[in-house]
1. Net charge within 12 Å of Glu318 by Cβ-Cβ distance, Lys/Arg positive one each and Asp/Glu negative one each, not counting Glu318 itself?
2. Quote the FRET efficiency, to the nearest 0.05, computed for Ala99 versus Gln162 with a Förster distance R0 of 22 Å and r equal to the Cβ-Cβ distance.
3. Just in region 57-111: which GluC sites (Glu not before Pro) are loop by DSSP and have at most 15 other Cβ atoms within 10 Å?
4. Could you check the simple spin-label distance between Ser286 and Thr84, using points 7 Å along Cα→Cβ, in nm with one decimal?
5. So what's the net charge close to Asp288: Lys and Arg +1, Asp and Glu -1, counting the other residues with Cβ under 13 Å from its Cβ?
6. Loop-only GluC sites (Glu not before Pro) in region 346-409, please: DSSP not H, G, I, E or B, and at most 13 other Cβ atoms within 10 Å.
7. May I ask you to derive the FRET efficiency for Asp32 and Glu124 from their Cβ-Cβ distance with R0 = 41 Å, giving the value to the nearest 0.05?
8. Over region 356-408, what percent of the accessible surface lies on carbon and sulfur atoms, probe 1.4 Å?
Amino acid sequence: MSAAPVPEDETAHPGRARPQAPALDLGSLITDPATRIVVCCGAGGVGKTTTSAALALAAAEAGRSVVVLTIDPARRLAQSLGLTELDNEPRRVEVPGAAGELHAMMLDMKRTFDDVVAAHSTPERAQQILDNPFYQALSSSFSGTQEYMAMEKLGQLRATEQWDLIVVDTPPSRSALDFLDAPNRMSRFLDGTMIRLLMAPSRAGFKFASAGFLLFSRIVSKILGGQLLRDISAFVAALDTMFGGFRERATATYELLRRPGTSFVVVASPEPDALREASYFVDRLSADTMPLAGLVVNRTHPPATSALSATRAAAAAEAVLEAGGPDADLAAAALRVHAERMTLAAREQHLADRFTSAHPEVAVRTVPAAAGDVHDLDGLRTMAAELTGDDADTPTGTPRTRILPARRG
């Protein structure tokens, strides 16, 4: 298919050629047997969950045994997969005609934490921890617990060797870096000064507690309340035998993400904040030498044709109205819609180009916005086709790395 003509507005500055991003080949990535984990990450509200599900569906239809782990509590994903609900255990998704298998699950943060406690402690010690009020609050609402438990669940799924591919939808968080920081943050919390002070009497025996510690206890008791302090002390005493396990698993899961076979896909919408978050994440992945597949710019608005610029379309609309005729209003309205679409596409392309200028080595795939919410398997298949289709196979001939054709140099 020949490339569409380049609109006049796009050639207004021939000396300022647009940066060219490498093409992100997600089709090859998810069908490669060497790919075992795909982590979709990025800012909240950019379509990570739908992207994760669409990639998992495409991999299953290509013959792989796949499980998608989502952190999104919304019911849309379960409905789009034909399930009434998702929970903390993988559920089989019926995909007619698929050569492989697809399973889906939604992280239950507290249940995962409970399972960790039960698996790495004696039944008596585990019950002490599970019944502790401080643990119940920690496992339900402590900052970073959701991200840490997502990492824990990923490690558990990988250890079973049951699936060819695990697709992870990372938690929506204020910072995309939280997911990578979670294991170390949890480890730092468990190694914190206050926790170690509270642990000291249970390790050394209360009779060896210093006057300084007793004074510390009285001060903290006044601040937190005596019962809460006793709950915390009992919790850390019961958890003592598990501390090493937390550290080891935090390290092991972090290293799992750096191994060959894991790929990160950063998802963003064509908005300044989302692409800024994506840029931060790319920098962090690079600093930690983690494997980045590339960037998906989701929910873009490419025009039906780029042959007519926004300026000419707006001028043509005015000319049509001046000329009059039975369908002048309709024709002018269509031209104005095209002008608005071209203006929006140019804005989105400009933002994508800014990202590529800062990260020229990062492969890119653009995905047009769906007409409505994705609510069934057909909708996921449509998105999967946009994610995995051949780079040049588009109605306008504009490569999928872009929203508008590149300027001529």
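1. Result for the neighbourhood of Glu318: +1.
2. 0.80
3. Listed in order of number, the matching sites are Glu85, Glu94.
4. 5.0 nm
5. That works out to 0.
6. Here the sparse-neighbourhood loop sites are Glu361.
7. Given R0 = 41 Å and the Cβ-Cβ separation, E is 0.30.
8. Carbon-and-sulfur percentage of accessible area, whole number: 51.
The values are calculated or read from the model by the stated rules, or taken from the named source; none is laboratory data. A quick note: this is a predicted structure, and the numbers were derived from the prediction, not measured. Note: ideal-geometry Cβ built from the backbone for every residue, glycine included; neighbour counts use all protein chains shown. Heads up: the accessible areas ignore ligands, DNA and RNA and are worked out on the full protein's heavy atoms, side chains in. Shrake-Rupley method; radii C 1.70, N 1.55, O 1.52, S 1.80 Å.
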